[in-house]
Amino acid sequence: MYNLLYLKLQSYGFKPWLDKIDLIPGQNWQIEIPEAIRKSDIFIACLSRISVQKQGYIQKEFRLALDTYAQKPPGSIYLIPVKLNGCEIPDYQMPEFGVSLRDIQWIELGQEDGFERLVRAVEYAIGTGKLIESNLKIFEKTTNGEKLKIETNSRYITIGRSPKSDVLLEDKTISWEHGYILLIENEYFYRHVSKTNPTYIKRHHEEILLRQDITTEIRLKNNDRISIGNNVLIIQFNLFADFNGYTTTQEEDS
């Protein structure tokens with residue numbers, strides 16, 4: 001759940017930090033985590049029935065975030081409690097600063113508009129105003145030509161054998177969660193996450209192998225072909241910005 005939230009925030013152009021992903025082997029996590037909390041513009045407190053019962057360092061992180069929040073100007077958005085599964089907000093307090101986690105408006109991520117509300121809160125807090133619109137078409141190659149699989153303006157598209165996938169591929173050679181297409185800082189990327197099956201990106205006369213069991217990310221170009229098992233997906237997209245803008249057309253990149 002945390003990794004997926006990280007990817008979705010990244011797909012909106014934000015730069016999230018998650019210890020399991022961003023800590024470099026050899027770093028002292030007891031130094032780096034507090035430093036990341038203090039330097040961040042936003043702290044998203046992910047709360048679950050399990051995490052709120054835990055004792056130890058996780059509570060220390062929440063209290064450090066409350067301490068940082070207390071030093072912000074009144075009315076600032078810094079600490080955003082995010083409920084992952086309907087849990088209760090824990091009673092974390094810092095009476096000396098007059099702040100409590102329960103006093104801060106929370107978001108239920110599982111609600112229909114939960115993630116959209118989180119994005120709006122982050123954008124409001126950091127003052128971003130640049131609107132990026134996207135249109136992505138994914139075609140599937142068939143014996144009779146090409147069939148439109150999905151047309152979407154989403155910044156986060158899942159591909160796999162899971163019925164919940166945005167692009168469902170019912171093929172036993174494909175992983176349940178095989179990969180994602182992400183819009184990150186104005187460019188589309190394919191992120192390969194399958195532990196058991198490879199992916200091939202084909203463009204012109206080039207073929208790029210994304211090996212199984214290695215998480216790999218590659219920038220996509222228009223008319224790239226993503227080959228997964230016995231399936232070939234063809235990618236076409238347009239991007240638009242509302243000011244100081246750019247446009248990426250459906251013409252094939254050279």
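Worth pointing out:
- Once the Cβ-Cβ distance of Lys195 and Lys54 is raised to the sixth power relative to R0 = 45 Å, the FRET efficiency obtained is 0.95.
- Cut-off of 10 Å, at most 10 other beta carbons, DSSP loop: longest stretch of the chain lacking such GluC sites (Glu not before Pro): 1-87
- Shape of the range 2-126, Cα gyration tensor, a/c cut at 1.5: rounded
- By the beta-carbon count within 10 Å of each Cβ, the least crowded to most crowded order of Tyr200, Tyr156, Tyr190, fewest first, is Tyr200, Tyr156, Tyr190.
- 30 Å Cα-Cα threshold exceeded, pairs from Lys149/Lys221; Lys15/Lys147; Lys83/Lys202; Lys20/Lys137; Lys83/Lys172; Lys83/Lys137: Lys15/Lys147; Lys83/Lys202; Lys20/Lys137; Lys83/Lys172; Lys83/Lys137
- Debye log10 I(q)/I(0) at q = 0.09, 0.14, 0.16 Å⁻¹ for the chain, Cα point scatterers: -0.49, -1.04, -1.23
- Distances between placed amide hydrogens fall under 5 Å for Trp176 paired with Arg161, all partners being 5 or more residues away or on another chain.
- Residues in the range 28-63 reached by a label modelled at Asn85 [backbone nitrogen below 17 Å; 7 Å Cα→Cβ]: 46-55
- Cα centroid separation - the range 50-89 against the range 150-164, whole Å: 31 Å
- For the chain, built as a Gaussian network whose Cα springs stay under 10 Å, the top-fluctuating residue of Gln53, Gln111, Gln236: Gln53
- Backbone geometry of the range 197-202 corresponds, through the Karplus equation with coefficients 6.51, -1.76 and 1.60 at θ = phi - 60°, to 3J(HN,Hα) couplings of 9, x, 10, 10, 9, 10 Hz, x marking Gly and Pro.
- Normalising by residue count, the range 132-248 has a Cα convex hull of 100 Å³ per residue.
- Each Lys and Arg Cβ is given +1 and each Asp and Glu Cβ -1; about its Cα centre, the chain then shows a dipole of about 440 debye.
- Of Ile184, Ile218, Ile235, the one that fluctuates the most in a GNM where the chain has Cα springs shorter than 10 Å: Ile218
- Amide H within-cut-off set for Cys46, under 5 Å, with H built and near neighbours excluded: Val82
- Phi angles across the range 169-175 convert, under the Karplus curve 6.51 cos²θ - 1.76 cosθ + 1.60 with θ = phi - 60°, into 3J(HN,Hα) values of 10, 8, 9, 5, 7, 10, 6 Hz, Gly and Pro given as x.
Values quoted throughout were computed directly from the atomic coordinates according to the rules given, and no laboratory measurement underlies them. As the structure is a prediction and not an experimental result, all values here were calculated from the model. Glycine gets a Cβ as well: all are built from the backbone with ideal geometry, and neighbour counts include every protein chain shown.
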